[in-house]
1. Would you be able to tell me the number of residues in the range A:422-468 that are more than 30 Å from A:Gln570 (Cβ to Cβ) and polar (S, T, N, Q)?
2. When you look at C:Gly60, is it in a helix (DSSP H, G or I), within 12 Å of chain A (Cβ to nearest Cβ), out of contact with any His (no Cβ under 6 Å at 6 or more places or on another chain) and over 30 Å from A:Phe295 (Cα atoms), yes or no?
3. If I ask for residues that are loosely packed, with under 15 Cβ neighbours inside 10 Å, of a type in the set (S, T, N, Q) and touching a residue at least 12 places away in the same chain (Cβ under 8 Å), which ones from the range A:497-536 would you list?
4. Across the range C:128-150, which residue is nearest to C:Thr220 (Cα to Cα) among those that are in contact (Cβ under 8 Å) with a residue 60 or more places away in the chain and crowded, with 17+ Cβ neighbours inside 10 Å?
5. Restricting attention to the range A:275-301, which residues are away from chain C (no Cβ under 14 Å) and part of a helix (DSSP H, G or I)?
6. Within the range C:253-276, is there a residue that is without any contact (Cβ under 8 Å) to a residue 40 or more places away in the chain and either surrounded by fewer than 18 Cβ atoms within 10 Å (Cβ to Cβ) or within 14 Å of chain A (Cβ to nearest Cβ) (or both)?
7. When you scan the range A:68-88, do you find a residue that is more than 14 Å from every other protein chain (Cβ to nearest Cβ) and in contact with a Pro (Cβ under 6 Å, 6 or more places away or on another chain), even just one?
8. May I ask you to list the residues in the range C:225-255 that are modelled with pLDDT of 95 or more and either in contact with an Asp or Glu (Cβ under 9 Å, 6 or more places away or on another chain) or of a type in the set (Val, Ile, Thr) (or both)?
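The values are calculated or read from the model by the stated rules, or taken from the named source; none is laboratory data. In this text, all values refer to a predicted model and were calculated from it rather than measured experimentally. Don't worry about glycine lacking a Cβ; one is built from the backbone with ideal geometry, like all the others, and counts go over all protein chains shown.
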Amino acid sequence: MDMQSETATLEHAHSAPHGHEAHAGHHAPLSFWRRYIFSVDHKVVGIQYGITALVFMLIGFFLMLLMRWQLAYPGQPIPVFGPMLEAVLGDVARGGRMTPDLYNSFGAMHGTIMVFLAVVPMIVGALGNYLVPLQIGAPDMAFPRLNMMSYHIYLWGGLVMMVSFFIPGGAAQSGWTSYSPLAVVVPTMGQTFWLIGMVLLITSSLLGSINIITTIIQLRAPGLTWMRLPFFVWAQLVTNFLLLLAFPPLEAAGIMQLMDKVLGTSFFMPTGLVVGGQPLDVSGGGSPLLYQHLFWFLAHPEVYVLILPAMGVLAEVISTNTRKAIWGYRLMVYSSLALGFLSMIVWAHHMYLTGMGTRLSTFFQTTTMIISIPSVIIITCFFVSLWGGSIRFNTPMLFALAFLPMFGIGGLTGLPLGFSFSDIHLHDSYYVIGHFHYVVAPGTIFAIFAAVYHWYPKVTGRFMNEFWGRVHFVLSLIFMNLVFFPMFLQGIYGMSRRMSDGGATYAQADNLAVVGLPQWVVDLNINITHAAVGLMLAQIPFVINFFWSLRHSAPVKSDNPWQATTLEWQTPTPPGHGNFVEPVRVYRSAYEYSIPGRETDFTPQNQPQPAR
Amino acid sequence: MPLKFLHIFFITAAFLLTLGLAAWAFHIYLKTGETSFAVYGGGSAVSGIVLFGYVIYFWRKMKGIQ
Amino acid sequence: MEIPYTVTPRRETGLYNGKLGIWMFLASEVMLFGALFSSYAALRTGADFWPTRMMSLAMGTMNTAILISSSILVVMGWTALKLKQFEKFKLYQGLTLLCAIVFLCIKGIEYRQKFIHYEVWLTDQGVSRLMEQHPHHEQWLKSPGVFPGRLSVTGHLEGNPWLLTHKKLKAKGVQEITLYPDVAGGGHAEPVKISVNEIFRMTAYAPAHSSYFAIYYALTGLHALHVIGGIIVMSYLWGPGRRMWLTEPERFTNRIECSVVYWHFVDFVWLIVFPLFYLF
C-alpha cells in the first residue's frame, strides 16, 4: 500500500513521527508543481503564505531602515547600501543619498508592504489557513482550489508592487493611504502599479475570506459546537467577515483612482485644481473626500484585522502555557463580535481634520470610545487568565506576555487620537506613528513570533532553539520600545510625519516659540535610528534559528509536545493529507486544563473519557 | 436562501421596476405630450402584468420542488 | 478524507458548502457595487450640473428586458435539471447564454455610439466668432453645463473617429475640425468648422467627459465584467463541465444553482443601474 504522505511540509524533519494516511482515493504521487507550487492542501498553502509574508516583512523592514538613516542623518550618503541603491534605482538615489521623492516612495511602500503583504497574509493567510481546518477537525478547507488561487493571486499582487520600484519614476509615493488628488497628479506610473497590485491583493483576500468563513461554519467536526471552538477560530471568523465586507469599497476606490489616473476621469479631482501653476486639464467636479471615506471604510476594519488574529494566537499560547482555561471565554467571544461590528462605524476618526463639523465628528468620537470597551475586555481577560496559572516561561509565552503591556500602551495612546479636540494637535504627527506601531509591532508582530515558536514543532517536528529564542525576545522587546516610545514625545512637540528630512527644516525656524521643533526632538531621530539597527540585529538570531532548527534542533518526542487540548495537536507530526488519522469527534470545550480530579492536567477536545 | 425565494424576490423587483417605468413614462407623457412615452408606459405596464402572472405561475409550479 | 458537505447540506445550516460560499461572495459584491452606488450619490448631490437623458432609452430597455428574460430562462434550466430533464436544461442554459451575449453586444454598440459622439467646449472668442458666422447657432450652441460659464457644441466628426481629445488634436497638428452639430429633436445641422485654437476642451462621451460619464462607465463596465464572468462560468457548465451530470448529478445541479444565484445578482445590479442612468 502506498503510504506516501502527500503533504509537502518541510521534509527535513525525518526523525519526527510521520503522518500516515490510509484514505480511499488515488495515491498517484503528485508532480513537484502540484505538490509544492500549486498545492491545494491548506497546510502547504499556509506555509507558502507564511514564507512569502516573512520575506515581504524583511523587505518592508529594510525599506524602513534606509528611511531611518535619512531621518537621522538627512542628506548624507547611506553607508553600504547607498551605492547599491544608486546602481539599481539610478538618479533618484544619486550619490547614494535618499532624495525626498525616494523617501516618499519608501514610506508609502513600507506601509503598504507591512500591512497588505506581510502582516495580514501572515496572520490570516498563513496562520489562518494552516490552523483553522486543524482546529475544527476538518480534512482541509471548504474550497481547496480556491485556496491555492488566493495564494497565487497574492503572490502576483506582491510582485507587481515590487516591480514598481524599478520602473522609471519609481514606486507609489503618496503614502500608504494614497490620497487623491496627489496620488493621481504625481506624473509617474508607480501609483498605477500600486493600484493594480491592490486589486490583485484584494481579490486574493476576498477569495480567502470566503473560504475560511465557509470552512468554519460548515466543516466543524461533529460535537464541535460554537462555544467549544478555540478562541483563535472565533478571531479568524470575525476577522474574515471584516475582510469580506470592508475590502470591496477600497476596491471600488482603487478602480476609480485607476480610472482617474489612466482614463483622465475626475472621481476624486476637484474643480479648479491647479498643479505646478497650471490648471489641471480634467473635467473636475470630483471629491477628494469621497476617496478618503472609501479608503478609511476599509482601513479602519483593517486594523482590527491586524489585531484580532493576534489575540487569537495569544489565547492559544497563554492557555497552553498557564495550564488554565482562558478566563472569560464567552465574554471574549461576544467582545470580538462586538469589536467586529463596531469597527465598521468608526472610520471617520481618521478624518477629523477634514472639516466634517461637530455633529458628525461627535458620532464618530462616540463610536470610537465605545469600541475601546471590547478591546479592553479582551486584554483584561488575558491578564486575569494569568492569575493562578502554572506559567511556563518559554519563548512563545514570553512574547505573549510582552504583548499585553505593549498593546496596552498602544491602545491607551490611541485615546487622545480618538477624541477630535486632542486629535487636532496630534493628527499626522509622530505620535500617531508611535501609537499604531506599538499596536502592530510589539503587538501583532510579537504575536506572530509567539505563533511561530509555538506551532513550529507541529509543522516541522522540531523545537526552535530555546536559548536563541529568548535572546531574540529580550533584544526585540528592548529595541521595539527604544524605537517607538520617543516618537510619542516627538509627536507631542509637533513633529509631523512623512517629512523626509526628519523635521530638520523646522528645527531651524526663526521663532521657535511660535512654530518649529526643539533641536532635541529632531536629534531623537538619531537614537531611534540606532535602536532600529539594533532591532534589525535582534532578528538575526530568529532567522538563523528558524532555518537551522529545521535540521539540527531537538526533535519532538510526541505529537503534542506542549500538551495542549486543541485539535491541531491531536494529529500526526506533520499532519498528513486529510489531517486526521480517524474521523474526529469532539466531546469537550477547548481549554480543559487542570481540571481537579483528573489524572492529567489537560484533556484533548476529542478525548471521549477524561483520564481519571 | 433557497433559489426559489431568490427568484421570486428578483421577479418582484423587476415587477416593481416595470411599475416605476410605467409611472415615470406616463408622467413624462402628461408633461410633454410625446406619444412615444405613452406607448412606453403602456408597454411597461403590460410587462408588469406578464411578470406578475409569471411569478404566480412559478410559485405554483415550484410548490413541489425544494 | 473527503471534504464533507460539498453536496449534502449540513443539517445545522441547511446549506452545502458552495451555497454558503456564493452567498458570502455576493455579500462582498453588494459592498463593492454599494460603494459605487454611494459614490454615484455623492458625486451627483455634490455636482452643480448633472446631465440627464444622455442614454438611449430604447437600448437600455431592451437590455433590461433581455436580462430579466435571461434570469427567467436560467431558472427554467435549473428547474429542468431538478426534474432530471437534461435536454431541456441544455436548451435553457444555451438561451441564457445567448441573452447574455446579446446584452453585451448592445452594450458594446452603446459604448461605441458614445465614443464617436463629441462635446466641444469653446473659448470665449470661439463662441463670439461662431455666433457671428452662424445666424442659427441657437439650434446647436448649448448653454453651460459641466463647465460653468462655458458654452459647448455636441455632435459628430467626419469619419466618426473614436475618442479624440483636444490634446490629441494638438499633438497631431490638426488645425481645424468639422463638426456635425446635434440639434434638438434629433438629427444634425449644417457642418460647422471650428479652429483648434477656439477649443477650450474636447472629449467624446468618454469617462473623462464628466463625473456622469465617469461613474456610468465605472458602473456599467464593472457590471459588464461580471456578465462576462458569468458567461465564462455558465459556458463551462454548459460545455465541458456538463459531463459531471453523468457521474455526480447532484453536485452538478448544485453548481448550476450557485451560478443561477450569481446570475440573479448580476441582473439585480442592472435593475438599479438602469433607472440611475437611463431615466433620471
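1. Count: 2.
2. On the way: in a helix (DSSP H, G or I): yes; within 12 Å of chain A (Cβ to nearest Cβ): no; out of contact with any His (no Cβ under 6 Å at 6 or more places or on another chain): yes; over 30 Å from A:Phe295 (Cα atoms): yes.
Judged against the criteria, C:Gly60 is not a match.
3. A:Gln519, A:Asn527
4. Filtering first and then ranking leaves C:Val146.
5. A:His300, the sole residue that qualifies.
6. yes
7. Let us first name the residues in the range A:68-88 that are more than 14 Å from every other protein chain (Cβ to nearest Cβ), namely A:68-88.
Going one step further and asking which of them are in contact with a Pro (Cβ under 6 Å, 6 or more places away or on another chain), we end up with none.
Within the range A:68-88, none of the residues are more than 14 Å from every other protein chain (Cβ to nearest Cβ) and in contact with a Pro (Cβ under 6 Å, 6 or more places away or on another chain).
8. Scanning the range C:225-255 gives C:His226, C:Val227, C:Ile228, C:Ile231, C:Ile232, C:Val233.
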